[in-house]
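> One structure coming up, written as C-alpha cells, with questions to follow.
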Amino acid sequence: MSEERLRIAIQKSGRLSEGSFDLLKSCGLKVSRGKDKLYGRVRELPIDVLLLRDDDIPSFVADNACDIGIVGQNVFEEERLAGEHDAPAVEVMPLGFARCKLMLAAPKEWSFDGADMLEGRRVATSYPELTRAWLAREGVNARAVMMKGSVEVAPRLKIADAVCDIVSTGATLDANGLKPVAEVFDSQALLIRNAADFTPGKQAVFDALMKRINGVLTSRDAKYVMMNAPRDAVAAITEYLPGADAPTVLELAGSSDKVAIHAVCRESVFWDTLEDLKKLGASAILVLPIEKMMA
Ligand code: PRP
Ligand code: ZN
C-alpha cells in the first residue's frame, strides 16, 4: 500500500512559528527541515510540513496544496472576508497560543473619545477587510488604506491619520508615537483544513494527529495537585479544586485524622488557589506539571 502523507502548512518565521513547532514537538513529531527550508519531514507519522509565509497559508489550504495549516485567526478571517475562494479553508479549532489583537491606533497626542473621530479620515492597515467591517459596525465613514508592511509609519508620513495593526507587546506602536485606542479583532493560532473530505488514508493520519493535539491542549494548563488535609475537609477541598475530577484520597501513615489528596486540575492553579486551599485546612501542597494526558 502506498503511504499517504498529510501535508501541514506552518509559518516559516514570525509570530506563529515557534508555537507551531512547539506544538508539533509536544505531539512527539520532530520536524527535520530540508535544505531548501520549504519542506520539513516528520518520521513519527506520515506527515510533511510546508514552511510558508503566514499570509499564504489560508490559500494553500483552500487550494489543496496543503491538507491542514496553522495560521492566525486574524489572517484567516481577513482571507475569508476577502472571499477569493469558492471553497475556503475551514476552521478545525483554536490552539491557544500566539495571542494578539488587531487594534485601531492613533497618534499619542489625539484625545481619542470614540470611533466618530475617524469620520472622513484614512486608516492604514494590512487588514482592510477586518478594518472595513469594524468601521461599518461602528457606523463610521472612513477609508481603509492597504499597506503590506510598516503600517505604523503611515501617520508620520501623512499617508494616513490612524492605523489598524496587530499588537502583542505594544512596543512597535509605542516606538512610532502611536497608542492603541480600540480593539478590532482578538486573535490566536488556529488549526484549519481543506474543506473537502480526506481520503481514508489521510483521514487516519489526521485523526491520529488530532488525538495528540487534543492531548497536548488538555494537559497544557492541567496540573497534578497533592496535599495533606484533615479528613473532614476533603469534601470542601474537592469542591474547591479548579476543574478537577474526583480526587484520590489516601491514608497517611501514622495519622488517623489526616489524609493525602491527589487530584488532576484541568484549569490553571494560581498562588491564590494555594492560599485558599491552606485556609480550607490543606498543608504540604505540591503542584506538578503534567507532560501527557489521554482520555
Ligand atoms: C505585527 C505588527 C507589528 C508587530 C507588533 O506584525 O505589524 O509590526 O507585529 O508587535 P508588538 O506589539 O509586540 O510590537 P506581524 O508580526 O504580524 O508581521 P507580519 O504582518 O509580517 O506577519
Ligand atoms: Zn504576515
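> Give, as ranges by residue number, the residues of the range 155-174 whose backbone N falls under 13 Å from the point 7 Å along Cα→Cβ of ARG143.
Answer for this model: 159-162.
> Could you work out [θ]222 nm for the chain from helices alone, using -39500 (n - 2.57) per DSSP H run of at least four and dividing by all its residues? Round to the nearest 500 deg cm²/dmol.
Calculated from helices alone, the mean residue ellipticity at 222 nm is -8000 deg cm²/dmol.
> So, in nm, how far is label MET294 from label MET93 when the simple model puts each one 7 Å beyond its Cα toward the Cβ?
It works out to 1.5 nm between the two label points.
> So for the chain, averaging the separation of alpha carbon pairs under 8 Å that are six or more residues apart and normalising by length, what relative contact order in percent results?
In percent, rounded to a whole number, it is 18.
> Within the chain, what whole-number % of the accessible surface is contributed by carbon and sulfur, with the 1.4 Å probe and all protein chains included in the calculation?
Summing carbon and sulfur atoms, their accessible area is 51 percent of the total for the chain.
> Normalising by the residue count of the range 100-186, find the relative contact order in percent from Cα pairs under 8 Å and 6+ residues apart.
For the range 100-186, the relative contact order is 48 percent.
> Where Rh denotes the Kirkwood radius from the mean inverse Cα pair distance, what is Rg over Rh for the range 10-111?
Looking at the range 10-111, the ratio lands at 1.04.
> In addition: For the range 100-186, what proportion of DSSP beta bridges, expressed in % and rounded to the nearest 5, is antiparallel?
The answer is about 65 percent antiparallel.
> Under 10 Å, Cα contacts only: if you run a Gaussian network model on the chain, which one of ARG266, ARG132, ARG231 comes out with the highest mean-square fluctuation?
ARG231
> How many nm is it between the label spots at ALA235 and GLU44, if each spot is 7 Å from the Cα in line with the beta carbon?
Once both label points are built, they end up 4.5 nm from each other.
> Rolling a 1.4 Å sphere over the protein heavy atoms, what is the accessible area per residue of the range 222-289, to the nearest Å²?
Per residue, the range 222-289 has an accessible area of 59 Å².
> From the square roots a ≥ b ≥ c of the eigenvalues of the alpha-carbon gyration tensor of the range 109-226, which class results: rounded (a/c under 1.5), prolate (a/b over b/c), or oblate?
prolate
> Can you pull the Rg over Rh of the range 222-289, Cα-only, Kirkwood?
Here Rg/Rh amounts to 0.93.
> Set the Förster distance to 51 Å, then compute FRET efficiency between LEU274 and ALA196 from the Cβ-Cβ distance, nearest 0.05.
Calculated transfer efficiency: 0.55.
> Solvent-accessible area per residue for the range 80-165 at a 1.4 Å probe radius, Å²?
Value returned for the range 80-165: 54 Å² of accessible area per residue.
> Between the range 43-87 and the range 1-30, what is the separation of their alpha carbon centroids in Å?
Cα centres, the range 43-87 to the range 1-30: 13 Å.
> Could I ask something else about it? Using only the heavy atoms of the protein chains and a 1.4 Å probe, how would TRP134, TRP110 rank by accessible area, largest first?
TRP110, TRP134
> Heavy atoms only, 1.4 Å probe, whole protein assembly: order PHE60, PHE270, PHE206 by accessible area, highest first.
PHE270, PHE60, PHE206
> I've got another one for you. Return the Rg/Rh ratio of the chain with Cα-based radii and a Kirkwood Rh.
Using only Cα positions, Rg/Rh for the chain is 1.09.
The values are calculated or read from the model by the stated rules, or taken from the named source; none is laboratory data. Bear in mind that the values here come from a model prediction, so they are computed numbers and not experimental data. No Cβ is skipped: glycine too gets one built from the backbone with ideal geometry, and neighbour counts run over all protein chains shown. Note: accessible area is taken over every heavy atom of the protein model, side chains too, but ligands, DNA and RNA are not part of it. Shrake-Rupley method; radii C 1.70, N 1.55, O 1.52, S 1.80 Å.
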